[in-house]
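**Q** One structure is given below, represented as structure tokens, and several questions about it will come after.
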Amino acid sequence: MITIEDFKKVDIAVGKILSAEKIPDTDKLLKLSVDLGEELPRQIISGITSYFPDCSVLVGRKCMFVANLEPRTIRGLESNGMLFAVSDSENFSLLEPSDNISVGARAK
């Protein structure tokens, strides 16, 4: 369990995926360029290739991201955030806001 104060520390933001490409020599990893309403897009590495064999279908989609994770190097690439997704034994879903929510909007 975490406290509400701990949860308030998580910066959840709407981002738009600008590009998505499979990272060579990996089975799961995609390199995403994401607009979070900041000056420059962020690079986010995500292990979702098996759900999106044609990763081009992700381009243009708005999804929810954790924006304040400490950067992490994965396979030599820096990841600056985390994509929110959910799954069970049979299904996978990205967490996507309504179309009318702006890029960069933050959870309150």
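The values are calculated or read from the model by the stated rules, or taken from the named source; none is laboratory data. Worth saying up front: this structure is predicted, and the values here are computed from it rather than measured. Every residue, glycine as well, gets a Cβ built from its backbone with ideal geometry; the counts of neighbours run over all protein chains shown.
**Q** Please go through the stretch 39-97 and pick out each residue that is over 25 Å from LYS9 (Cα atoms), charged (D, E, K, R) and surrounded by 11 or more Cβ atoms within 10 Å (Cβ to Cβ).
**A** Answer for the stretch 39-97, where residues must be over 25 Å from LYS9 (Cα atoms), charged (D, E, K, R) and surrounded by 11 or more Cβ atoms within 10 Å (Cβ to Cβ): ARG61, ARG75.
**Q** Another question, if that's okay. Right, GLU78: assigned to a loop (DSSP other than H, G, I, E, B) and of a type outside the set (A, V, I, L, M, F, W, C) or not?
**A** Criteria not met by GLU78.
**Q** With the requirement that a residue be of a type in the set (Val, Ile, Thr) and over 26 Å from ARG106 (Cβ atoms), what does the stretch 1-56 give you?
**A** ILE23, THR26, THR49
**Q** OK, next. For the stretch 1-41, what are the residues that are touching a residue at least 60 places away in the same chain (Cβ under 8 Å) and assigned to a strand (DSSP E or B)?
**A** ILE12, ALA13, VAL14, GLY15, LYS16, ASP35
**Q** Could you tell me which numbered condition ASN91 fails, if it satisfies all but one of (1) more than 14 Å from the chain's Cα centre (by Cα); (2) modelled with pLDDT of 95 or more?
**A** (2)
**Q** What are the pairs with Cβ atoms under 9 angstrom where one residue, in the stretch 85-100, is more than 13 Å from ILE48 (Cβ to Cβ) and the other, located anywhere, is of a type in the set (Lys, Arg) and not in a strand (DSSP E or B)? Sequence gap at least six, or different chains.
**A** GLU96/ARG61
**Q** Show the residue pairs meeting these rules: Cβ distance below 6 Å; 6+ apart or different chains; first residue within the stretch 55-80 and of a type in the set (Ser, Thr, Tyr); second residue outside any loop (DSSP other than H, G, I, E, B) and at pLDDT 95 or above.
**A** SER79/ILE44; SER79/ILE45; SER79/ARG72
**Q** Let me ask something else. Going by what's in this entry, would ASP11 be described as under 13 Å from the mean Cα position of the chain (by Cα) and of a type in the set (Asp, Glu)?
**A** In short, yes.
**Q** Let me ask you something else. How many of the residues in the stretch 47-84 are within 14 Å of LEU36 (Cβ to Cβ) and either among the aliphatic types (A, V, I, L, M) or in contact with a Lys or Arg (Cβ under 9 Å, 6 or more places away or on another chain) (or both)?
**A** 14
**Q** Which residue, of ALA67, ALA105, is in contact with an Asp or Glu (Cβ under 6 Å, 6 or more places away or on another chain) and at pLDDT 95 or above?
**A** On the way: ALA105 fails: in contact with an Asp or Glu (Cβ under 6 Å, 6 or more places away or on another chain).
Result of the check over ALA67, ALA105: ALA67.
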